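In what follows, a structure is listed as structure tokens, so that the remarks can point back to it.
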Amino acid sequence: MPFTLGQRWISDTESELGLGTVVSVDARMITLLFPATGENRLYAAADAPITRVMFNEGDTVTSHEGWQLSVTAVEESDGLLTYIGQRTDTGEDNVRLREVFLDSKLTFNKPQDRLFAGQIDRMDRFALRYRARKFLSEEYRRATSGLRGIRASLIPHQLFIANEVGKRHAPRVLLADEVGLGKTIEAGMIIHQQLMAGRAERVLVVVPESLQYQWLVEMLRRFNLRFSLFDDSRYTEAQHESDNPFDTEQLVLCSLDLSARASRV
């Protein structure tokens, strides 16, 4: 469909912008102004993610002044639409409303609204989303879900422990390996798996003060888990944001000394 100045289009990816108006057209690019938000968007004319807004007989449209029109006929001239019908507030017939004067706050957020307005995604984009969802579903069903993607050697006894704990509901375990056998990695695997599987959303790690930075670095470097380190100053600052300072972050790392103080519990 050729673009014409004054036509009304809606963005497929940013429907919250409302109706856009074509304000500039050249051989390769088009510019849309979205009056509801005052924003402009520049699109490639050959593959713009926008949908033409065209109403039909029987629809009710709203003007930029706020009154509504029950459409009885639609005229097109030089690529621009004019809606003809009866005003719902005054009952006046044969009122003409050019599309450029439509209310810009119109959005199609509900699926049925998008369907009736013809705001339908391209088949190749739907197929891409379908394949991505199918792949994600298969990943979650794998026995190794949550145990892959970590930057650590795949040592059998660590994988066994993480897998066994991951099978349990609300696990409570004590890791008691010998020194140097990787209890930090095992704990990280368990945390990572619980988060990836959706069984945990918030994590609190309490360690001796001397191990805080080691854990902070290990969780980030090996598992890409960005913990927030809570010390006295951070704890005091967080108290101003919430009654429970630990609610201000999803992943928290603190010292045993901080958590053991009576005033902190």
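Here are the numbers:
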read-out	value
3J(HN,Hα) from dihedral phi, the stretch 59-64, Karplus parametrisation 6.51/-1.76/1.60, rounded to Hz, x for glycine, proline	6, 10, 10, 10, 7, 5
Degrees separating the helix 156-166 axis from the principal Cα axis of the chain, which is the longest one	60
Using alpha-carbon coordinates, inclination of helix 183-196 to the longest axis of the chain, degrees	20
Part-to-part distance (alpha-carbon centres) for the stretch 54-84 and the stretch 160-231, which is given in Å	61
Surface/4 of the Cα convex hull for the chain, nm²	22.3
Sequence of I84, I161 once ranked by neighbouring C-beta atoms within 10 Å, starting from the fewest	I84, I161
Value of [θ]222 nm, deg cm²/dmol, for the chain, DSSP H segments ≥ 4, -39500 (n - 2.57) each, nearest 500	-8500 deg cm²/dmol
Reference-scaled alpha-carbon Rg (2.2 N^0.38 Å with N residues) for the stretch 116-241	1.39
Proportion of all alpha-carbon pairs of the stretch 144-200 beyond 18 Å (%)	24
The stretch 202-264: C-alpha gyration tensor shape, a/c 1.5 cut-off, then a/b vs b/c	oblate
Exposed-loop-free span, longest in the chain, where GluC sites (Glu not before Pro) count as exposed if DSSP calls them loop and at most 11 other C-beta atoms lie within 10 Å	66-177
Cα gyration tensor, the stretch 14-115 - rounded (a/c under 1.5), prolate or oblate	prolate
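We did not get these values from a lab; they are worked out from the coordinates using the rules stated. Because the structure is a prediction, the values reported are computed rather than measured. Don't worry about glycine lacking a Cβ; one is built from the backbone with ideal geometry, like all the others, and counts go over all protein chains shown.
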